[in-house]
1. Please give me the summed charge of the neighbours of Val6: other residues whose Cβ is under 9 Å from its Cβ, Lys and Arg +1, Asp and Glu -1.
2. For the full complex of protein chains and a 1.4 angstrom probe, list Thr37, Thr56 by accessible area with the highest value first.
3. Net charge around Leu35, counting only other residues with Cβ within less than 13 Å of its Cβ (Lys, Arg = +1; Asp, Glu = -1)?
4. Taking only DSSP H segments of four or more residues, each worth -39500 (n - 2.57), what value at 222 nm results for the chain once the sum is divided by all its residues, to the nearest 500 deg cm²/dmol?
5. What angle, in degrees between 0 and 90 and rounded to the nearest 10, separates the Cα long axis of helix 13-24 from the longest principal axis of the Cα atoms of the chain?
6. DSSP loop chymotrypsin sites (Phe, Trp or Tyr not before Pro) in the stretch 36-80 with at most 11 other Cβ atoms within 10 Å of their Cβ, which ones?
7. What longest range of the chain stays clear of loop-exposed trypsin sites (Lys or Arg not before Pro) (DSSP non-H/G/I/E/B, at most 14 other C-beta within 10 angstrom)?
8. Per residue, how much accessible area does the chain show when a 1.4 Å probe rolls over the protein heavy atoms, in square angstrom?
Amino acid sequence: MANKKVLVLGAGIMASHMVPYLADQGYDVDVFPLLDTVSDRPNVKYFKQDAKDPATRKEYLAKHYDCIVDYLQYSSAEAP
(Lines give C-alpha, C1' and ligand atoms only; values in the text may rest on other atoms or scores of the structure.)
Protein backbone atom coordinates (compact mmCIF):
# COMPACT_ATOMS: atom_id res chain seq x y z
CA MET A 1 0.00 0.00 0.00
CA ALA A 2 1.34 3.42 -0.91
CA ASN A 3 1.73 5.95 1.88
CA LYS A 4 -1.14 8.35 2.28
CA LYS A 5 -0.31 12.05 2.37
CA VAL A 6 -1.68 14.06 5.28
CA LEU A 7 -1.41 17.81 5.78
CA VAL A 8 -1.53 19.23 9.31
CA LEU A 9 -2.16 22.96 9.59
CA GLY A 10 -0.74 24.39 12.80
CA ALA A 11 1.75 22.87 15.20
CA GLY A 12 0.31 23.52 18.65
CA ILE A 13 -0.26 21.02 21.43
CA MET A 14 -2.81 18.94 19.51
CA ALA A 15 -0.63 18.73 16.41
CA SER A 16 2.36 17.81 18.58
CA HIS A 17 0.49 14.59 19.44
CA MET A 18 -1.20 13.97 16.09
CA VAL A 19 1.89 14.31 13.89
CA PRO A 20 3.94 11.55 15.62
CA TYR A 21 0.86 9.32 15.75
CA LEU A 22 0.27 9.67 12.00
CA ALA A 23 3.97 9.15 11.29
CA ASP A 24 3.99 5.97 13.40
CA GLN A 25 1.00 4.72 11.39
CA GLY A 26 3.06 5.07 8.20
CA TYR A 27 1.59 8.29 6.83
CA ASP A 28 3.67 10.92 5.05
CA VAL A 29 2.89 14.08 7.00
CA ASP A 30 3.44 17.67 5.89
CA VAL A 31 3.03 20.31 8.59
CA PHE A 32 2.62 24.06 8.10
CA PRO A 33 3.63 25.76 11.38
CA LEU A 34 4.45 29.43 11.87
CA LEU A 35 7.65 28.55 13.77
CA ASP A 36 10.85 26.94 12.55
CA THR A 37 10.43 23.25 13.28
CA VAL A 38 12.41 20.18 12.22
CA SER A 39 11.66 16.49 12.41
CA ASP A 40 13.93 13.51 12.84
CA ARG A 41 11.35 11.33 11.07
CA PRO A 42 11.81 10.78 7.33
CA ASN A 43 8.05 10.83 6.69
CA VAL A 44 7.42 14.19 8.43
CA LYS A 45 8.23 17.50 6.75
CA TYR A 46 7.74 20.97 8.20
CA PHE A 47 7.20 24.02 5.99
CA LYS A 48 7.31 27.37 7.80
CA GLN A 49 4.43 29.12 6.06
CA ASP A 50 1.25 30.96 6.95
CA ALA A 51 -1.40 28.39 6.06
CA LYS A 52 -4.09 31.09 6.13
CA ASP A 53 -2.43 32.99 3.28
CA PRO A 54 -4.53 32.54 0.10
CA ALA A 55 -1.48 31.84 -2.09
CA THR A 56 -0.21 29.23 0.38
CA ARG A 57 -3.68 27.67 0.60
CA LYS A 58 -3.83 27.39 -3.19
CA GLU A 59 -0.38 25.75 -3.20
CA TYR A 60 -1.19 23.08 -0.63
CA LEU A 61 -4.65 22.32 -2.00
CA ALA A 62 -3.07 21.64 -5.40
CA LYS A 63 -1.10 18.76 -3.86
CA HIS A 64 -4.27 16.69 -3.37
CA TYR A 65 -3.63 15.42 0.13
CA ASP A 66 -5.59 12.37 1.26
CA CYS A 67 -6.52 14.23 4.43
CA ILE A 68 -6.12 17.72 5.89
CA VAL A 69 -6.20 18.21 9.66
CA ASP A 70 -6.72 21.89 10.43
CA TYR A 71 -5.88 23.08 13.96
CA LEU A 72 -5.85 26.77 13.05
CA GLN A 73 -8.21 29.29 14.56
CA TYR A 74 -10.23 31.46 12.19
CA SER A 75 -12.27 34.59 12.66
CA SER A 76 -15.60 34.67 10.84
CA ALA A 77 -14.02 36.79 8.10
CA GLU A 78 -11.13 34.33 7.61
CA ALA A 79 -13.07 31.08 7.43
CA PRO A 80 -12.25 29.24 4.21
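The values are calculated or read from the model by the stated rules, or taken from the named source; none is laboratory data. On a predicted model such as this, the values are computed, not experimentally measured, just so you know. Reconstructed Cβ throughout: ideal geometry from the backbone, glycine too, with neighbour counts over all protein chains shown. Accessible surface is based on the protein model in full, side chains and every heavy atom, while ligands, DNA and RNA are left aside. Shrake-Rupley method; radii C 1.70, N 1.55, O 1.52, S 1.80 Å.
1. -1
2. Solvent-accessible surface, decreasing: Thr37, Thr56.
3. Cβ neighbours under 13 Å give a net charge of -1.
4. -7500 deg cm²/dmol
5. Compared with the principal axis, the helix lies near 40 degrees.
6. Here the sparse-neighbourhood loop sites are Tyr74.
7. Counting only loop sites that pass the neighbour cut-off, the longest clear stretch is 5-47.
8. 68 Å²
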